[in-house]
Structures are given as structure tokens and as C-alpha cells.
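The block underneath contains the structure these notes are about, expressed in C-alpha cells.
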Amino acid sequence: MINLAAGTVDREIFTSPDVHRQELEKLFTRSWLFVGHESQIPKPGDFFVSRMGDGPVILCRDDRGGIHVFLNSCRHRGMKVCRYEHGNTALFVCPYHSWSYTTDGKLQGVPQYRTLYAGTLNRDEWGLVEVARMANYKGTIWASWDPEAPDFLNWLGDAVDHFDHVIDCRDGRPGGAEVIGVHKWVFPSNWKFAAENFLGDSYHNPSHRSVDMVGMSASAQAGQRRDNEYAKGQRVWVGYPQGHGMTSGYVPDDVEYTPTYQQYPEVDEYFRHCFYERKRRLGERANLLPLVGTIFPNASYHGRQPRGICVWHPHGPTETEAWRFFLVDADAPAAVKDVPRRYYMRYSGPAGMTEQDDMENWLYATAASKGTIAKRYPLNYQMSMKLPNATHLGPGEVATQMTDQTPRNFYRVWQRYMSGDNWDSLLGRDIQPMLRAAE
Amino acid sequence: MKKGLAYFELKQEIEEFLYQEADLLDTRKFREWLDLLAEDLVYFMPIRRNVKFGEHDERENTRQGEGISWFDEDKWTVTKRVEQILTGVHYAEEPLSRVTHMVSNVRLLDVKPSMEDPDEVTVGCRFLVFQSRVEYEHYTFIGRRTDVLRRNGDSWLIARRELILEQNVLLAKNLSILF
Ligand code: FES
Ligand SMILES: [Fe+2]
């Protein structure tokens with residue numbers, strides 16, 4: 001289905017119910033997946049219901065402050081134990097027969113336990129099903145159902161160089177982000193069309209021509225949909241052996257701040273301050289400005305304008321449920337939280353002037369790939385195929401022009417999950433040396 | 001509110017206005033529709049959330065002016081949306097969707113300063129918006145709407161539109177049409 005040498009991908013992977021079923025079994029049960037953010041559950045008893053693959057989960061904080069991710073399904077007869085999106089509770093009480101679970105997942109209450117179950121039901125064995133691995137990375141919560149999964153940071157690998165700049169404070173302090181809202185919507189498209197778009201498909205810019213024509217950037221300038229702080233730098237498109245991919249910009253050491261949100265002096269001033277403070281803290285590392293990326297398989301981000309993490313939940317072979325978590329610096333002044341959120345809303349998601357066109361493209365790409373004849377013709381991923389990597393710009397496969405190398409890499413790793421490979425292979429341990437040898 | 005003849009006269013006038021406004025949208029006279037929006041327009045559609053009984057007032061709907069809603073914007077942004085559709089290359093609305101706005105359950109909730117000489121009217125209604133797109137795509141948006149209308153000569157300007165859509169996860173790929 002994936003022909004790396006030819007640079008082609010069968011349409012089947014975007015439409016086939018069988019491929020979809022295998023993805024759920026072999027990929028979404030193993031890979032680390034984004035679940036939510038610590039700022040959504042600040043206090044003991046706080047919960048936020050989320051999804052991993054095709055399964056509902058609960059992200060919650062127990063009464064000692066520990067964070068857990070549980071399958072949101074009662075161990076008795078399967079009822080969803082929590083159907084509120086977020087809130088605070090001491091117990092998850094199942095609506096069906098009233099089994100109750102503590103916020104650390106233990107089965108506590110079983111009605112008529114003594115008379116009906118005495119001696120036969122071991123409550124310790126019937127707690128909520130908990131993920132095998134959970135990681136809190138600078139406030140972002142990730143989980144995996146595979147006990148063998150490597151540590152989160154090993155799995156994230158060098159993609160951390162880019163991802164840090166998404167979740168760290170604008171002034172370079174580690175972490176400190178806050179989720180100010182979540183979009184949830186469904187669209188009839190395969191999830192991978194969305195995931196690969198965020199790997200750095202800058203080639204699709206013409207499809208957003210209409211927003212550039214009317215101008216709705218952060219500074220409300222005509223001719224743009226963002227304040228272009230990347231213009232003075234070297235854009236890169238990067239793929240990592242674990243499947244992650246992104247496009248970012250490396251700006252020169254002496255680059256000056258690009259004014260942003262210009263009609264709001266207080267906001268502009270905040271970002272100006274952060275820009276120079278970040279340079280001071282991070283030195284050379286501050287030269288990297290993230291644009292968009294996908295953390296394998298389905299957690300995409302916008303690094304700066306707008307700023308957030310979007311998860312493409314598989315809902316069916318040709319249906320995706322998208323959840324976008326919008327981020328701001330938690331300790332930013334009120335005005336600095338208010339102005340960007342308005343930009344986020346007009347840019348992103350189903351009501352976003354930019355992303356509406358993406359949804360249109362993904363829907364009809366999916367629909368038009370279902371046909372019997374269409375399926376005989378694979379899709380083209382040959383862009384920049386013969387391009388040498390810019391090895392001086394860091395690890396991974398780095399390109400300095402638009403490329404399909406990043407999605408080719410994504411599907412190489414995708415294929416490895418689909419073949420049930422071991423973790424050495426899923427981490428692409430063989431990929432880097434192989435590339436170096438080829439140089 | 002006393003429901004004398006003046007109430008029904010005004011209600012009739014307001015209903016007529018709302019139907020005409022809907023007609024402008026459905027017949028794609030987007031620029032003329034923009035002319036009905038006040039310069040200080042508030043256009044707001046919250047996101048609805050599943051919360052525990054008793055927490056609805058406090059937590060069910062996202063709030064205007066904070067966090068993330070479907071729409072929380074001003075006339076500048078709505079105007080940009082219209083301009084975008086009119087570029088002819090906004091592919092989410094190119095080719096244009098077929099849309100019908102139904103308005104019902106119209107009630108005058110507040111009239112200032114008086115029924116006889118109204119300058120500002122708060123009007124509640126239900127909306128049912130049907131969108132048919134390209135060949136097979138279709139979406140139905142149903143909900144409650146509260147408008148604040150301001151007297152403008154012998155017509156009205158929409159100063160505020162709040163749309164309470166009866167959905168949680170949005171069951172549409174886009175909100176690319178105007179409400
Ligand atoms: S299904 Fe939950 S108590 Fe029976
Ligand atoms: Fe896009």
C-alpha cells in the first residue's frame with residue numbers, strides 16, 4: 001500500500017474499512033496519543049473526558065493529586081461511567097447498576113456486595129481499566145495502551161526541539177500553557193488526510209488564497225493570514241524516525257521582532273517582550289520558530305499563530321472527529337489572552353476562515369478516492385524526492401524546500417505499526433544510520 | 001409586557017424584518033445583508049457542553065468575551081467572511097451552498113423606550129437553517145436565537161445576534177454559512 005521507492009500511496013489507506021480496523025488494533029493501541037492538558041484538571045477530583053483512538057477515556061486527577069487516564073467504560077456491563085465533559089467529582093458512579101469508582105480508578109461501591117457477591121468478587125481486579133503508560137510532559141498529557149511502549153521522550157525523540165516551542169511560554173520558560181477552549185467537530189474524511197496536512201504541506205497554500213485576499217491576520221493586515229515572522233529565516237521541513245514531521249523556521253541570530261497584533265499595543269508589547277526574553281533565555285535555540293507539525297500519528301499543532309494542538313480521532317474509515325485545544329500562556333495578562341483567542345476563532349476549526357477550506361479538501365479527497373477505478377491509481381508523494389538532506393540543520397530528515405519526504409516518512413512508520421513491528425523498528429532505530437550511510 | 005395592539009403591530013414589523021433578512025442570505029445578497037448589521041455588532045455562538053444537572057447556568061455554554069466559542073466576533077470579522085465568500089475561491093463555499101433560514105417562535109422580549117416609539121427591540125426566535133452542499137452534503141442547524149435590533153429610519157439594524165445551537169460535538173464539517 002505504501003511504495004516508498006516510487007513515492008506513491010494507495011488510496012485504499014484512506015477509505016478501506018479493513019485498513020481502518022487494523023489501524024485501530026495495531027496503531028492506536030500502541031502509539032503514544034495526546035489526551036489533554038494538565039491545566040484542564042488543576043484540582044483533585046477534576047476530570048476531562050477525552051478519546052484515544054476509537055475509545056472514550058477519562059483524564060482525571062485523584063484526591064492525592066495524581067493524574068490518571070482510564071477507559072470510560074464500566075467493568076460491569078460497559079456503561080460509560082462519565083458523560084460529562086469536564087467537572088469535579090469524588091466518585092464516578094455508573095448510571096446503570098451504580099458501581100462506583102474512586103478518582104484513582106478503584107472499584108469502591110458495589111450495591112448489595114455482601115448479599116450478592118460476597119466471597120466471589122475481588123474488587124481489586126475490577127477497577128477502571130487504566131492506560132499502560134501515561135506521561136505528563138510540561139503539562140501535556142499523553143498515554144499509550146502498550147506496556148512495552150518506550151518512555152515518552154524517547155518516542156518523541158528530536159521532535160521535542162520543535163514541540164517544546166509550542167507548549168513552552170512565549171518568553172521561553174518551560175511549560176506554563178493553559179487550554180482556553182476545545183473545539184470538537186466531525187467531518188467525513190479519513191484522519192490521515194488531516195494528519196499529513198500538518199506534517200508541513202505548505203504546497204496547499206493556494207487553497208487558502210481567499211483568506212490571503214481578504215486579509216485576516218493577527219494584525220488584521222490585508223494580504224496575509226498570519227503576521228509573517230518566518231520571512232527572514234530559513235524554512236525547514238523535517239521528518240523524524242518515529243514518524244513525527246513538521247515545518248518550522250530558523251531565523252538568523254540578529255533577527256528582530258516582527259510586530260504582531262499591531263492594533264493592540266498591549267498585546268504587541270507582550271509578544272515583543274517575550275521575543276527578546278526568549279532569545280535571552282534560550283540563546284541559539286530561540287532561532288527555531290515552529291509553524292505546524294504532526295506528532296505521530298494524530299496530534300497536530302500550530303506553533304505560534306494560532307497556537308494549539310489538534311487531535312484527529314479516527315471515527316471510521318471516512319470519518320474523523322477533531323478536537324482542537326487552544327493554548328495561551330497561563331500567566332499572560334487578560335488582554336493578551338483575549339486578543340489572540342479572537343484570532344484563533346476566525347482562523348481555526350469549522351468556523352475558521354482558513355481551515356474551512358482544509359475540511360473541504362479532505363472531504364472531497366476522501367470521497368473521490370472511494371471509487372473502484374480511483375482505487376487503481378495511487379496518490380503522488382514524489383515531491384523533492386531526489387533532494388539531499390540538509391544535515392547541518394540538525395537531526396532527522398531536513399529539507400529546505402517543500403517536500404513529500406515528511407509524509408513519506410510518516411507512512412513508512414505507519415506501515416511498520418501496521419506490520420506489527422517491534423519498538424526498535426517503530427522508533428526508527430535503523431533509519432538514521434541507514435540515511436547517514438547513504439550520504 | 002402588556003400585549004396590546006402596539007405589541008402586535010411591532011411584532012408584525014419585526015417578523016417582517018427578520019424574514020426579509022433571512023431572504024437576503026438565502027438569495028445570496030450578502031453585501032445587502034451586511035448593511036443590516038450595526039457597526040458595533042456582536043455575533044456570538046457559544047459551544048455547548050455536557051455538564052451535571054444544576055451546573056447549566058454556570059458551565060453549559062461558553063461565554064461571550066472569554067475562551068473559545070464557535071463565533072464571538074464583530075462586524076469587521078463578519079464582513080471578512082462575506083468578502084471571503086465573494087472572492088469566488090473560498091472553496092468551502094465555492095460552489096456556493098444552497099441555504100434556507102427558517103425563523104419561528106418570534107417573541108418580543110424587551111422594547112425600549114416604549115412600545116409606541118421603540119428604538120431598541122430584543123427579539124427571541126427559533127432558527128432552522130438547512131444547508132445543502134455540492135451533491136450529497138447536507139446539514140441542519142437548529143437552535144434558539146436572541147437578536148437586539150436598533151431602529152434605523154423605517155428599518156432596523158442588528159446590534160447583537162446570539163445563536164444557541166442545539167449541538168455539542170458539531171455535527172457539521174464547517175460553519176461556512178452565515179447565520
Ligand atoms: S454497567 Fe456499570 S454498574 Fe452495571
Ligand atoms: Fe490548510
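Observations, loosely collected:
- Check on A:S210, at pLDDT 95 or above, open to solvent by less than 10 Å² (accessible area, probe 1.4 Å) and within 13 Å of chain B (Cβ to nearest Cβ): yes
- Filter pass, A:R285 being open to solvent by 30 Å² or more (accessible area, probe 1.4 Å), among the basic types (K, R) and under 15 Å from A:D161 (Cα atoms): yes
- Those residues of region A:69-104 which are crowded, with 19+ Cβ neighbours inside 10 Å and near ligand 1 (Cβ under 7 Å from one of its atoms), in sequence order: A:C74, A:V81, A:C94, A:W99
- Failed condition for B:E66, given (1) within 22 Å of A:G181 (Cβ to Cβ); (2) modelled with pLDDT of 95 or more: (2)
- Enumeration of residues in region A:346-358 that are outside any helix (DSSP H, G or I), facing another protein chain (nearest Cβ under 8 Å) and without any contact (Cβ under 8 Å) to a residue 12 or more places away in the chain: A:A351
- The requirement of being open to solvent by less than 70 Å² (accessible area, probe 1.4 Å), touching a residue at least 40 places away in the same chain (Cβ under 8 Å), assigned to a loop (DSSP other than H, G, I, E, B) and assigned by TED's automatic domain parsing to the domain that holds A:H68 is fulfilled somewhere in region A:110-127, by at least one residue.
- Screening B:L37 on (1) under 25 Å from A:P350 (Cα atoms); (2) open to solvent by 90 Å² or more (accessible area, probe 1.4 Å) shows it passes everything except condition (2).
- Any hit, region B:94-106, residues being out of contact with any helix residue (DSSP H, G or I) (no Cβ under 7 Å at 6 or more places or on another chain), closer than 25 Å to A:A367 by Cα and buried (at least 19 other Cβ atoms within 10 Å of the Cβ): yes
- Residue list for region B:50-68, filter: among the polar types (S, T, N, Q) and within 7 Å of chain A (Cβ to nearest Cβ): B:N50, B:T62
- Restricting region A:359-378 to residues that are open to solvent by less than 10 Å² (accessible area, probe 1.4 Å) and more than 7 Å from every other protein chain (Cβ to nearest Cβ), the residue that is farthest from ligand 2 (Cβ to nearest atom) is A:S369.
- Test set (1) away from every other protein chain (no Cβ under 14 Å); (2) crowded, with 20+ Cβ neighbours inside 10 Å; (3) over 17 Å from the mean Cα position of the chain (by Cα); (4) more than 16 Å from B:M1 (Cα to Cα) - B:L149 fails condition number: (3)
- Among the conditions (1) assigned to a helix (DSSP H, G or I); (2) under 30 Å from A:F410 (Cβ atoms), the only one that A:D227 does not satisfy is (1).
- Residue in region B:164-175 that is assigned to a strand (DSSP E or B), within 14 Å of chain A (Cβ to nearest Cβ) and closer than 25 Å to A:V211 by Cα present: yes
Conditions (1) more than 18 Å from the chain's Cα centre (by Cα); (2) within 13 Å of ligand 2 (Cβ to nearest atom); (3) assigned to a helix (DSSP H, G or I), marked per residue:
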{"residue": "A:K184", "(1), (2), (3)": "no, no, no"}
{"residue": "A:F193", "(1), (2), (3)": "no, yes, yes"}
{"residue": "A:E196", "(1), (2), (3)": "no, yes, yes"}
{"residue": "A:L199", "(1), (2), (3)": "no, yes, no"}
{"residue": "A:Y203", "(1), (2), (3)": "yes, yes, yes"}
{"residue": "A:P206", "(1), (2), (3)": "yes, yes, yes"}
{"residue": "A:V211", "(1), (2), (3)": "yes, yes, yes"}
{"residue": "A:M216", "(1), (2), (3)": "yes, no, no"}
{"residue": "A:S219", "(1), (2), (3)": "yes, no, no"}
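- Qualifying residue in region A:334-342 (condition: open to solvent by 10 Å² or more (accessible area, probe 1.4 Å) and touching a Pro at 6+ places or on another chain (Cβ under 6 Å)): no
- Residue in region A:370-390 that is outside any helix (DSSP H, G or I), in the same structural domain as A:S217 (by TED's automatic domain parsing) and under 20 Å from the mean Cα position of the chain (by Cα) present: no
- Checklist (1) open to solvent by less than 10 Å² (accessible area, probe 1.4 Å); (2) more than 14 Å from every other protein chain (Cβ to nearest Cβ) applied to A:P252, failing item: (1)
- Residue satisfying all of: in region B:16-49; over 30 Å from A:V81 (Cα atoms) and in a strand (DSSP E or B); farthest from the other protein chains (Cβ to nearest Cβ) among these: B:A38
- Hits in region A:325-341 - residues which are part of a strand (DSSP E or B) and closer than 10 Å to B:I68 by Cα: A:F325, A:F326
- Here A:R226, A:R173 are screened, and the one residue that is touching a residue at least 60 places away in the same chain (Cβ under 8 Å) and within 16 Å of ligand 2 (Cβ to nearest atom) is A:R226.
The values are calculated or read from the model by the stated rules, or taken from the named source; none is laboratory data. A quick note: this is a predicted structure, and the numbers were derived from the prediction, not measured. Neighbour counts run over all protein chains shown; Cβ positions are idealised from the backbone, glycine included. Surface areas here come from the heavy atoms of the whole protein model, side chains and all, with no ligands, DNA or RNA. Shrake-Rupley method; radii C 1.70, N 1.55, O 1.52, S 1.80 Å.
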